[in-house]
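Some notes on the structure that comes next.
The values are calculated or read from the model by the stated rules, or taken from the named source; none is laboratory data. Given the structure is predicted, the values throughout are model-derived calculations rather than measurements. Don't worry about glycine lacking a Cβ; one is built from the backbone with ideal geometry, like all the others, and counts go over all protein chains shown. We work out accessible area using only protein heavy atoms, side chains counted, and drop any ligands, DNA or RNA first. Shrake-Rupley method; radii C 1.70, N 1.55, O 1.52, S 1.80 Å.
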Amino acid sequence: MNTAAPGASSATGAETEAGATTGAENEAGAGDDDGYDAATSSFVERFAADLTQAGMQRMASRVFACLLASDGGSLSSAQLAERLRISPAAVSGAVRYLAQVHMVSREREPGSRRELYRLDENVWYEAILDREQLITRWAATLRAGEEALGPRTPAGRRVRETHDFLKFMQSEVEGMLERWRAQRRSLSREE
């Protein structure tokens, strides 16, 4: 199954799209280079591969990893296209997906018509909260499924065990997020 965004090349990690760098070079000035070298590119591709293997769309994984590796946490479409050697259309499709799952937001660069794509400040926290809402819906459906199947049937017991596991996991995630907020505040004070 091809998980690349519409308009994206289906070649391997070093996609080259005609003209992808030309516009980026014009739009991104020398001051926008924050050390995107071979080592950074290698990290981006490796982390993107890890994210893709975990189920994220391939192009979205690459764009997310590239934003994560940028000093400012935000880049323009042209900068992303240049660094990843993909088309602006591929960037657009990836950003659309990342915005839907609350991992990236769009903003205008002050004094410019250029749109920047920025990692949400609490990207992992937000992603987990999104999953928590999903788990709440699953748990409700599983509860109804247990009743429909009969709580004393093998299928009903299996559905109930799945429900109980999800509720347990949800309570653990809530505690984990609270501990993370406390640790983050502590780390911020130390810096």
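Taking the 1.4 Å solvent-accessible surface of the stretch 98-191 as the whole, the part contributed by carbon and sulfur is 54%. Between V173 and T40, residue separation times 0.36 nm minus the direct Cα-Cα distance comes to 44.7 nm.
In the stretch 36-116 the Cα-Cα distances spread across 5 Å bins starting at 0 as 3, 16, 28, 28, 17, 6, 2, 0 percent of all pairs.
Sorted from greatest to least, the principal axis extents spanned by the alpha carbons of the stretch 83-131 come out as 32, 26, 17 Å. Projected over every direction and averaged, the convex hull enclosing the alpha-carbon atoms of the stretch 60-191 yields 11.3 nm². Considered as an equivalent ellipsoid built on the Cα gyration tensor, the stretch 135-182 has semi-axes of 28, 9, 5 Å, the largest given first. A simple spin-label model places the labels of D50 and E115 3.0 nm from each other, with each point 7 Å out along Cα-to-Cβ. Under 5 Å between amide hydrogens, which residues at least 5 positions from R114 or on another chain qualify, with H placed 1.01 Å from N in the peptide plane? Residues meeting the amide H criterion: E109. Here the Karplus curve 6.51 cos²θ - 1.76 cosθ + 1.60, taken at θ = phi - 60°, turns the phi angles of the stretch 73-83 into couplings of x, 8, 8, 7, 4, 5, 5, 4, 4, 5, 5 Hz, with x standing for Gly and Pro. Around the amide H of S87, modelled in the peptide plane, lie the amide H atoms of S9, all under 5 Å away and 5 or more residues distant in sequence or on another chain. Proximity of backbone amide H atoms, modeled 1.01 Å from N, is registered between V104 and A99, D120 at under 5 Å, excluding neighbours fewer than 5 places apart on the same chain. Each residue was assigned an accessible area with a 1.4 Å probe, and for D50 the value is about 80 Å². The label point for S105 and the one for T136, both projected 7 Å from the Cα toward the Cβ, are 2.1 nm apart. Local charge for D50 was computed over the other residues whose Cβ lies under 15 Å away, with Lys and Arg +1 and Asp and Glu -1, and equals +2.
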